[in-house]
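What follows is a single structure, written as structure tokens, with notes after it.
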Amino acid sequence: MTLPLQDPLLSAEGEGQPSHRAGFFRTVLKERKAAVVGLSIIVFFVVLAIVAPYIAPYSVTEPSCAVYAPPSPQHWLGCDDGGFDMVSLLMVGGRISMIVGFAATLVAMIIGGGVGILSGYFGGWVDGSLMRVTDYLLVIPDLVFMMVIADLWGASLFHVIIVIGILEWTTTARIIRAQVMSVRERVYVKRARGMGAGNFRIVWRHILPQVGPLLIANTVLTIAIAIYLETALAFLGLEDPTAVTWGTILENAFQRTAISSGAWWAIVPAGFAIAAVIVGCFLFGQAVEDALNPRLRVAYLSIRPWRLRPLVGRGPGAI
Amino acid sequence: MSLLEVSGLHVWFEPPHAAEVHAVQGVSFALDAGERFGLVGESGCGKTTTVLALMGLLPPNASAAGEVLIDGQNILAGGEDSVQAYRWKDVAMVFQGAMNALNPVKKVGWQIAEPMAFHGVAQGAAARKRAGELLEMVGIPAAAGDRYPHEFSGGMRQRAAIAMALACEPKILLADEPTTALDVMVQAQILELLTGLARDLGLALVLVTHDLPVVAQVCERAAVMYAGEIVEAGPTEALYHNPRHPYTRLLFAATPDLYGRDAVISIPGAPPRLDGEITGCPFRPRCDVPLDRCRDEDPELRLVEAGHRAACHRNDLVGAS
Amino acid sequence: MRGSDYLIKRGIFALVTVYVAITINFFLFRVLPGTAVTDLSRVPHASPQLQHALTVEFGLDKPKWEQYLIYLKNLLHGNMGISFAYQQPVRDLLIQDLKNTIPMVTVGTVAAIVIGMITGILSAWRRGSAADHVSTNAAILFYAFPTQWLGLMLLIIFAGTLPAGGMENPFLFGAEPFFQHLADIGQHMILPALTLTLTAYGSYTLIVRSSMLETFGEDYVLTARAKGLPARRVVRRHAFRNAMLPLVTLVALDLGYIVGGAVLIEVIFSWPGIGLAMYDAIGQRDYPMLQGGFLILTISVIFLNVVADLLYFRLDPRISE
């Protein structure tokens, strides 16, 4: 009953599905403004993270101003409790935060993607047992678990990365598994099997390209969560306190009574920076996910109804 | 004056990031009470959009032009606001794939009774009772009204959808592919039900389908649609035995026999895109007997014999077949 | 009762998960090297008597599997050990902490749900308008701001007008009227609960919006419109109910994590709840508290998952297997 807006001959085998390779991303960027905005933000921060050590105006290891010095022409965002320039702190902190975010996500993706593909492709008892494991892991409350583990293993950036990765792979695994299962049943995969292609080859040549865009969307969204969690762990004192990350910036501000000192500049900019990256990741990841959703965006309800055009003239050539 | 008269109906869609699609291009036909009329064509030819437009059920990115007259009143004149008043009371619709057409979290009886209460036909207990009667009329025990749609089989759901459509005693019933996705035995029952209802209740029935045996069984008259236009219209007998448009001929020839299971139409090629200008006859690329004229001139729908119209240049040839 | 075997199955699954959680808990705190419970020299202020008492109670001189059984037996009696820092039963302390956390979290979450629903429905209804863009982007923004940052911002803005920490005014002790006490707690609850609301509402808005938009494209919504029902009524009677189902599950699942996630808020506002207790326990190396708290929070997540299942089961008649 959907309105006939597409070529009916394409619907049959899913051969015309949109999730194929590079052209897909180009289309998403062309059609969805949110994706462009999101990607720009991400690129901006990645570039910033790379060049931070070179363009930071002041050192983050040697103090360069008074404790909680307010914003001034020399220090645009003032200084923190140790006399370090806030702008430099934010730049270098961003670098580390992004690295932690990306690394943790890499861990999560590798585990989650691997589990998802194995589970989805082989099914049966492999699937059953792997899904049981994810069920149990999903039940454990994230932050508390991380607190406990970070405490047991000690507070370091490396441990934070591992811990975030261990807890975040389950959603990825679920999504990838579902996608792999649906792709597995497609005609061209069955054909490849029939021709004797080995499992690895099938996964590599046929399944991964289809799963790719979804994996990328999920990766981006997981990066957002990882960065968010890093700030939370840092705030709770579970990260190396000497490391400079956006999370430790906030933690320092809280512990060293920035608020009662009136030093809002030690708090406000960090939050906006974190939010900016997360918003960027969210916009891009969500836009890609939406584009992959094959459902036609038909709307039978809307505040704006269809239009009536006046008939101009008569006969078949009219209008 | 006919009960239903559609005159020069056009529908356009504006998809996001794409050119405007002219989905329905100047469709006209008329129906009297008790008549059963078929609208035939392949997927995407605009037949579903046409009947949806008859009730003004278009999405926000659509625009329409033309007239839909019920008892002489143009119900589309005021756009969405005015057409609401006619829905279900004068014209009602049975949708295809009634699985999703029924609300999964509401009981079936409630869904049948709801429009009655809203349009003031019956309230409360009386409405529920009438819903039960309607269910009986379509061959379902009244007690089933207390069930949810997922508890019904496909055929029962379709019957329930028909009962629901009759709730406010409409004069016109539109049925959009009511038998697709049902197996053959159930198909036959539903078609018999529709035929019987049209006869007993004096309904004007518009049956939309891509399945020719269905049209042959139920409808006295039919129109064949292609690329948004009606290319031939007339008595079903005439369309079958004396088609005057190559598309109609190929359609009916492609069907193995009247009671065949396989309704897949295999005419080589594909319908034209409706988002651009088409010069000449839209069927020309797939036609097996094209003339030179067909490349430049779009044929008009013209009378070829009593009550039988076709849009093909071949009908102008002396001694044409 | 409909689908009672489904409920039983879910119940059993939950119990099994609880068991697994208990075992993981044991594994984390007793089997992994380097924990204070296994290495008594790490226990602060450990007098020989205390060390001996702990050894006896937890069987620390016995092999691991025996410790496991003792652990299980203790749990069945509700014995979660003695807090190192407070020298009191862990269970009593945690129950009190839970009693402090739950009201604050409930108020914050309910407000988040209400705001999320209102903004989500509004955004879906006025899709593409300026209001939609503002609402959606605000939701994304607040979702992106770190919880602790929002709390700090609220402190900056409201310090002076609203209490900045703690759950009650320490000088208001004694025989003052109950309502005054309640009002005092309420006042202290405003900022922490507001922080929770701001941080949580964004995801609810987005889910309600996308869920409603999806419902708007469902066939039964078209049917409802076809019945002549005005759009508002279709939203209220048909779309709303179906669209809220994902929100129900999301909220119930979220709640399990919120109780643990509220730790950031409790730390900032010194709210004496279970989150703050865990935070303090880490600083004080109070392992029995950590172990007990972790177990309680995991069980509450499992419990809330079951509640979510039940709710969904109750609301969606399609679930029966």
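The values are calculated or read from the model by the stated rules, or taken from the named source; none is laboratory data. For clarity, every value in this text was computed on a predicted model and none was experimentally measured. So basically every Cβ, Gly included, is an ideal-geometry build from the backbone, and we count neighbours across all protein chains shown.
Odds and ends about this structure:
- Check on C:LEU206, in a helix (DSSP H, G or I), under 19 Å from C:VAL107 (Cβ atoms), more than 11 Å from chain B (Cβ to nearest Cβ) and not polar (S, T, N, Q): no
- Residue list for region A:234-279, filter: buried (at least 24 other Cβ atoms within 10 Å of the Cβ), assigned to a helix (DSSP H, G or I) and not hydroxyl-bearing (Ser, Thr, Tyr): A:ALA234, A:PHE235, A:TRP246, A:GLY247, A:ILE249, A:LEU250, A:ALA253, A:ALA266, A:ALA270, A:ILE274, A:VAL277, A:ILE278
- The lone criterion from (1) facing chain A (nearest Cβ under 10 Å); (2) under 23 Å from A:PHE235 (Cβ atoms) left unmet by C:MET104 is number (1).
- All positions within region B:43-74 that are more than 7 Å from chain A (Cβ to nearest Cβ), surrounded by fewer than 24 Cβ atoms within 10 Å (Cβ to Cβ) and of a type outside the set (A, V, I, L, M, F, W, C): B:ASN61, B:GLU67, B:ASP71, B:GLY72, B:GLN73, B:ASN74
- Pairs meeting the criteria (first residue in region B:2-17 and closer than 14 Å to B:GLU67 by Cα and within 9 Å of chain A (Cβ to nearest Cβ), second residue buried (at least 17 other Cβ atoms within 10 Å of the Cβ) and of a type in the set (Ser, Thr, Tyr), beta carbons under 7 Å, at least 6 apart or on different chains) are B:VAL11/B:THR49.
- Within region C:83-99, tally of residues that are out of contact with any helix residue (DSSP H, G or I) (no Cβ under 6 Å at 6 or more places or on another chain) and crowded, with 22+ Cβ neighbours inside 10 Å: 2
- Taking the listed residues C:ALA226, C:ALA243, C:ALA200, the one that is more than 10 Å from chain B (Cβ to nearest Cβ), more than 30 Å from C:PHE269 (Cβ to Cβ) and surrounded by 23 or more Cβ atoms within 10 Å (Cβ to Cβ) is C:ALA243, with no other qualifying.
- Residue list for region A:48-77, filter: surrounded by 19 or more Cβ atoms within 10 Å (Cβ to Cβ) and within 17 Å of A:GLU251 (Cα to Cα): A:VAL60, A:TYR68
- Failed item in (1) within 30 Å of C:LEU155 (Cα to Cα); (2) at the interface with chain C (Cβ under 9 Å from one of its Cβ atoms); (3) buried (at least 20 other Cβ atoms within 10 Å of the Cβ); (4) at pLDDT below 85, with A:LEU301 passing the rest: (1)
- From the list C:ALA139, C:ALA111, C:ALA124, C:ALA164, the lone residue that is in contact (Cβ under 8 Å) with a residue 24 or more places away in the chain and not in a helix (DSSP H, G or I) is C:ALA164.
- Consider region B:23-42 and keep the residues that are under 23 Å from C:ASP219 (Cα atoms) and within 11 Å of another protein chain (Cβ to nearest Cβ). The one that is surrounded by the fewest Cβ atoms within 10 Å (Cβ to Cβ) is B:GLU42.
- Odd one out for C:ASP219, checked against (1) more than 7 Å from every other protein chain (Cβ to nearest Cβ); (2) at negative phi: (1)
- For region A:18-68, the set of residues classified as touching a residue at least 40 places away in the same chain (Cβ under 8 Å), part of a loop (DSSP other than H, G, I, E, B) and over 22 Å from the mean Cα position of the chain (by Cα) consists of A:VAL60, A:TYR68, listed by residue number.
- Selection of region A:186-231 for residues being part of a helix (DSSP H, G or I), over 17 Å from the mean Cα position of the chain (by Cα) and among the small types (Gly, Ala, Ser) yields A:ALA192, A:GLY194.
- Verdict on A:SER129 being touching a helix residue (DSSP H, G or I) at 6+ places or on another chain (Cβ under 8 Å), modelled with pLDDT of 80 or more and of a type in the set (S, T, N, Q): no
- C:ARG232 being within 10 Å of chain B (Cβ to nearest Cβ), free of Cβ contacts under 8 Å to residues at least 24 places away in the same chain, within 30 Å of A:ASP290 (Cβ to Cβ) and among the basic types (Lys, Arg): no
- Yes/no for A:ALA270 being over 24 Å from C:LEU206 (Cβ atoms), at the interface with chain C (Cβ under 10 Å from one of its Cβ atoms) and either touching a His at 6+ places or on another chain (Cβ under 7 Å) or of a type in the set (A, V, I, L, M) (or both): yes
- Checklist (1) part of a helix (DSSP H, G or I); (2) within 14 Å of the chain's Cα centre (by Cα); (3) more than 7 Å from chain A (Cβ to nearest Cβ) applied to B:SER82, failing item: (2)
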